[in-house]
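Q: Mind having a look at this structure? Questions to follow.
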Amino acid sequence: MKYVLSNCILFDGTEGEENLREHVDIFVNEGVIEAIADHGEAVPGYEVVECTGKYAIPGLINLHVHLFGSGKPSKTLSGGGSAQTLIKITKTALGAKILDSMVKSGAQTQLASGVTTVRAVGDFHWSDVRLRDRINAGHVVGPRLLVSGPAITVPGGHGDGTFAVTATDEQGLRALVREHKKHGVDFIKICVTGGVMDAKVKGEPGELKMNLEQTAVVCDEAHKLGFYVASHTESTEGVLVALEGGVDTVEHGAPATAEISALYQNTGSADICTISPAIPLCKLDPSVTLMNEFTQFNANVVLEGIVQGARGALDAGTPVGLGTDSSCPFVTQYDMWREVCYFAKYVGVSPAFAIHTATLLNARIAGIAEDTGSIEAGKCADIALYDANPLENLAALRTPSMVVARGRRLDRPSPKRVSAVDAELDKLL
Ligand SMILES: [Zn+2]
């Protein structure tokens, strides 16, 4: 397992400045980056992998993924009849097998699109935990997975009836966290507010579902057990409760008040920007998205909130991470590149900073920056290579020519695409 990625053009991801180094050899030994050197003669014992003219960047990290879905438009996640059927099926032995294969396909599609680390923030019946263990044991090829198991919320909260489990009182909520520990999760995901598709009032998505006490109890139990807590949060009121309750990452986010900015400063918590699920609902015709005008209106409120939340956080020096919310309608498992493009376009950052965010800054937020997130000697060989320069045009990230995940190489990876979804999303680029 010793080879050299020979004669690359390197963007090592360590900073958000446009800083390319040409004619670079990256030596990989047993899955780890052993050395980075100026291009030179072949070194005995190392297979030469010809990369002349290819751009090497750190493998992307997607901080917000549900692995089970394809991104085809559907109302499943919003509950209702189809969700109930899905849940019933996944509880049978055959259903568990189908579920496991869907989740595996989701993770492998992420990998084929250049994502070498996925943070799974809510999947069914511990399918994410099982897959992580199979990948880590070498039985399945896949990205590094950080998994939460099912999300935790209160009855009627976001994901109740689908990807979340619920309790109301302190005892019940603490017991859920301990059960997650028993199943071997990496962190805890909660849903403090509702989502776009749960909203009952026009103009008020992200209705508060978990109160401060409930949020604080889950965070307390999780922190005691050594977990950090990620929270689905889509309103300013929700962000306040999440941060006061002790949440470590605010997923999606909302416009911040001075009080919220101060809380971020004091806690060191991060804002996780997810533009991908909101954009299609806002910009595509409701006849295409299968949503009504009411949902479209609320999606616009959420998109504004996500973008303003991220901008405000960057201005205040709060850590900002990126994720796609794959499995939502029109959010496929291979579109992290679109989130990077949206982040640059809507939040207003440079391509270099957008890639830096999707790599090293995401790694720091996930607590794995010792292992991954940049191309540096001693870190895992998590690398994506492209034929065109992504710093010139982020759309180059759409088609990696090679993906390296903990040293394992995938040549010319080709994620299974949903052409109908691509055709619609490409109109929005
Ligand atoms: Zn989500």
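Q: What helices (runs of 4 or more DSSP H) lie completely within region 168-271 and have 1 or more residues being of a type in the set (Lys, Arg)?
A: 170-183, 212-224
Q: Given the residues ALA254, ALA258, which is the only one that is assigned by TED's automatic domain parsing to the domain that holds THR324 and in contact (Cβ under 8 Å) with a residue 40 or more places away in the chain?
A: ALA254
Q: If we scan region 358-369, do we find a residue that is crowded, with 22+ Cβ neighbours inside 10 Å and polar (S, T, N, Q)?
A: The answer is yes; a qualifying residue exists.
Q: Determine whether PRO277 is surrounded by 24 or more Cβ atoms within 10 Å (Cβ to Cβ), in the same structural domain as LYS72 (by TED's automatic domain parsing) and not polar (S, T, N, Q).
A: The answer is yes for PRO277.
Q: Taking the condition within 16 Å of the ligand (Cβ to nearest atom) and in contact (Cβ under 8 Å) with a residue 12 or more places away in the chain, does CYS341 pass?
A: When the stated conditions are applied, CYS341 does not pass them.
Q: List the pairs whose first member sits in region 121-139 and is part of a loop (DSSP other than H, G, I, E, B), whose second member is modelled with pLDDT of 95 or more and of a type in the set (Lys, Arg), and whose Cβ atoms are under 8 Å apart, counting only residues at least 6 apart or on separate chains?
A: Once the first residue is part of a loop (DSSP other than H, G, I, E, B) and sits in region 121-139, its partners that are modelled with pLDDT of 95 or more and of a type in the set (Lys, Arg) give VAL121/LYS189; GLY122/LYS189.
Q: Something else now. Hey, among the residues in region 273-290 that are outside any helix (DSSP H, G or I) and either without any contact (Cβ under 8 Å) to a residue 40 or more places away in the chain or of a type in the set (S, T, N, Q) (or both), which one's nearest to the ligand (Cβ to nearest atom)?
A: If we take residues in region 273-290 being outside any helix (DSSP H, G or I) and either without any contact (Cβ under 8 Å) to a residue 40 or more places away in the chain or of a type in the set (S, T, N, Q) (or both), then THR274 is nearest to the ligand (Cβ to nearest atom).
Q: Kindly indicate whether THR357 is polar (S, T, N, Q) and within 18 Å of the chain's Cα centre (by Cα).
A: For THR357, the condition - polar (S, T, N, Q) and within 18 Å of the chain's Cα centre (by Cα) - is met.
Q: Still on this structure, I have one more. Just to confirm my filter: which strands (runs of 3 or more DSSP E) fall fully inside region 5-57 and include at least 2 residues that are at pLDDT 95 or above, closer than 17 Å to ALA377 by Cα and under 28 Å from the mean Cα position of the chain (by Cα)?
A: By residue number, 21-29, 32-38.
Q: Within region 249-284, how many residues are among the hydroxyl-bearing types (Ser, Thr, Tyr) and under 17 Å from ALA216 (Cα atoms)?
A: Qualifying residue count for the region: 4.
Q: Looking at (1) under 12 Å from the mean Cα position of the chain (by Cα); (2) among the small types (Gly, Ala, Ser); (3) within 16 Å of the ligand (Cβ to nearest atom), which one does ALA270 not meet, given that it meets all the others?
A: The number of the failed condition is (1).
Q: Now, a different point. Of these, SER419, SER350, which one is assigned by TED's automatic domain parsing to the domain that holds LEU146, polar (S, T, N, Q) and surrounded by fewer than 16 Cβ atoms within 10 Å (Cβ to Cβ)?
A: Of SER419, SER350, the one residue that is assigned by TED's automatic domain parsing to the domain that holds LEU146, polar (S, T, N, Q) and surrounded by fewer than 16 Cβ atoms within 10 Å (Cβ to Cβ) is SER350.
Q: Counting just the residues of region 74-92 that are within 16 Å of the ligand (Cβ to nearest atom) and in a loop (DSSP other than H, G, I, E, B), which one comes out modelled with the lowest pLDDT?
A: Out of the qualifying residues, it is GLY79.
Q: For the structure I just gave you, tell me whether VAL201 is among the aliphatic types (A, V, I, L, M), farther than 20 Å from VAL118 by Cα, modelled with pLDDT under 95 and within 15 Å of the ligand (Cβ to nearest atom).
A: no
The values are calculated or read from the model by the stated rules, or taken from the named source; none is laboratory data. All values reported here derive from a predicted model rather than from experimental measurement. In this analysis, Cβ positions are derived from the backbone assuming ideal geometry, glycine residues included, and neighbour counts consider all displayed protein chains.
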